[in-house]
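The next block holds one structure in the form of structure tokens; read it before the comments.
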Amino acid sequence: MSAADLFRTEFGADPAGRWFAPGRVNLIGEHTDYNEGFVLPFALPQRTVAAVGPAPAGEWTVCSTFEEGTVRFGDTEPGDVTGWAAYVAGVVWALRDAGFDVPGARIALDSEVPVGSGLSSSAALESSVLTALVDLGGLDLPVERRPALAQRAENVYVGAPTGILDQSASIRCLEGRALFLDCRTYEVEQIPFDLAAEGLGILVINSNAPHQHVDGEYGARRKSCEEAARILGVPALRDVPLDGLAAALEKIDDDVTRRRVRHIVTENQRVLDTVALLQDGRVRDIGPLLTASHASMRDDFEITVPPIDLAVGAALSAGAYGARMTGGGFGGCVLALIDSDRERPTTEAVEAAYADAGFTAPTCWIATAGPGAGRL
Ligand code: GLA
């Protein structure tokens, strides 16, 4: 059922409007966001849609196609609402906490973004609701300030210590572009990213591998990076340039922390190099950077799992220019840069490798860069 149909069924009226926000794929720049570094995501055509209508002031009622029943809340504080509706309540809370007069609303949600696959279904949810409430209430909240509010909903209300990558992608991406974001200044550059015109495609391989201990591991990586920045006397690892890496590593005793630092510093540089190549029109040449990013996540940041490494290996053996895990890690999706006419054989190679290993079958599709959040 669509979000609008659900709205009519639950609330017996037409919605005032429908707003959407997409999931994302991060082309490169993993775990660099909370280190105030660089990321390069693009928005997926898969999106979350919020059908929204007015309600009395101070009242919010939410329902969704992904779970039965409605959730109601009023003056809300972190901890009041749990489960998927916490992402909605968190957005209302973050807006109000920032001083906005958020209109009461009835909200019906539907989503095409697969949950738990590292494609930012939670950011799509937050961003669709945020965009709807801002429009509906005529709130004076410029687009560039919106991701930080959605991130606050997730960090403080939901309690997940994520960075600003996902919400920025869902809100600020443009069709046919990759979003080069500086996570310290929030400045962006929209990088042309029309791969089909070059005879290329990004094959997304959803490993369908269950996430395990994700929250704890993510938080642990974040802590290591913050501890390393403290040891090095810099505000964030962003401030360690590639040519200062060797000297920085000498100041850190612990081998694990040293490898975490090496990932972040080299990954930031790979983002910059990828952007430079794309701006030069040398798309195929970003392949080795993608593959190097994967090796760094596997060996230094230690956030990959066997099905993910297998998908990368199988895609490369089938002739991909480069391949890497995308997203927070410990499962989720791999992306591979391939010639458009290699979609079938690459998919088959990954499927065969998964079948041989006894893993759950993967799901593969070619991803194109869609638009960021807006009104339908
Ligand atoms: C998750 C988080 C993001 C980012 C990525 C890793 O998607 O939500 O903030 O840290 O992991 O790049």
- Message: Looking at segment 127-136, can you tell me whether even one residue there is aliphatic (A, V, I, L, M), within 13 Å of the ligand (Cβ to nearest atom) and not in a loop (DSSP other than H, G, I, E, B)?
- Response: no
- Under the condition of being among the hydrophobic types (A, V, I, L, M, F, W, C), touching a Cys at 6+ places or on another chain (Cβ under 9 Å) and under 28 Å from G332 (Cα atoms), which residue from segment 101-159 is modelled with the lowest pLDDT? L119
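Looking at the structure I just gave you, is A247 aliphatic (A, V, I, L, M) and open to solvent by less than 10 Å² (accessible area, probe 1.4 Å)?
Details: aliphatic (A, V, I, L, M): yes; open to solvent by less than 10 Å² (accessible area, probe 1.4 Å): no.
No: the conditions fail for A247.
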- Have a look at V71, V52, V25, V62 and point out the one that is modelled with pLDDT of 95 or more, within 30 Å of H294 (Cα to Cα) and buried (at least 19 other Cβ atoms within 10 Å of the Cβ). V25
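Quick one: which of V334, V305, V312 is touching a helix residue (DSSP H, G or I) at 6+ places or on another chain (Cβ under 8 Å) and touching a residue at least 60 places away in the same chain (Cβ under 8 Å)? Steps first, answer last, please.
Working: V305 fails: touching a helix residue (DSSP H, G or I) at 6+ places or on another chain (Cβ under 8 Å); V312 fails: touching a residue at least 60 places away in the same chain (Cβ under 8 Å).
On inspection, the qualifying residue turns out to be V334.
For segment 310-369, which residues satisfy the criterion of being among the hydroxyl-bearing types (S, T, Y) and within 16 Å of the ligand (Cβ to nearest atom)? Show your work before the answer.
Of segment 310-369, the ones among the hydroxyl-bearing types (S, T, Y) are 317, 321, 326, 340, 346-347, 354, 360, 363, 368.
Correct list: T326 only.
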- Item | Members of segment 63-100 found to be among the polar types (S, T, N, Q) and closer than 18 Å to V52 by Cα, listed by number | S64, T65, T70
- Message: Residues that are in contact with a Ser or Thr (Cβ under 8 Å, 6 or more places away or on another chain), more than 30 Å from E227 (Cα to Cα) and open to solvent by 10 Å² or more (accessible area, probe 1.4 Å): does segment 88-96 have at least one?
- Response: yes
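Considering only residues of segment 339-373 that are aliphatic (A, V, I, L, M) and touching a strand residue (DSSP E or B) at 6+ places or on another chain (Cβ under 9 Å), which is nearest to T48 (Cα to Cα)?
Our first condition is that a residue be aliphatic (A, V, I, L, M); within segment 339-373, this holds for 349-350, 352-353, 355, 357, 361, 366-367, 369, 373.
Still in the running and touching a strand residue (DSSP E or B) at 6+ places or on another chain (Cβ under 9 Å): 350, 366-367, 369, 373.
Working: V350: 28, I366: 19, A367: 16, A369: 16, A373: 9 Å.
Restricting to residues being aliphatic (A, V, I, L, M) and touching a strand residue (DSSP E or B) at 6+ places or on another chain (Cβ under 9 Å), the top hit is A373.
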- Of the numbered conditions (1) more than 13 Å from the chain's Cα centre (by Cα); (2) farther than 23 Å from G138 by Cα, E30 satisfies every one except a single condition; which is it? (1)
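Determine whether G372 is crowded, with 16+ Cβ neighbours inside 10 Å and within 23 Å of E36 (Cβ to Cβ).
Numbers: crowded, with 16+ Cβ neighbours inside 10 Å: yes; within 23 Å of E36 (Cβ to Cβ): yes.
When the stated conditions are applied, G372 passes them.
The values are calculated or read from the model by the stated rules, or taken from the named source; none is laboratory data. A quick note: this is a predicted structure, and the numbers were derived from the prediction, not measured. FYI the Cβ positions are ideal-geometry reconstructions off the backbone, even for glycines, and counts take in every protein chain you see. Heads up: the accessible areas ignore ligands, DNA and RNA and are worked out on the full protein's heavy atoms, side chains in. Shrake-Rupley method; radii C 1.70, N 1.55, O 1.52, S 1.80 Å.
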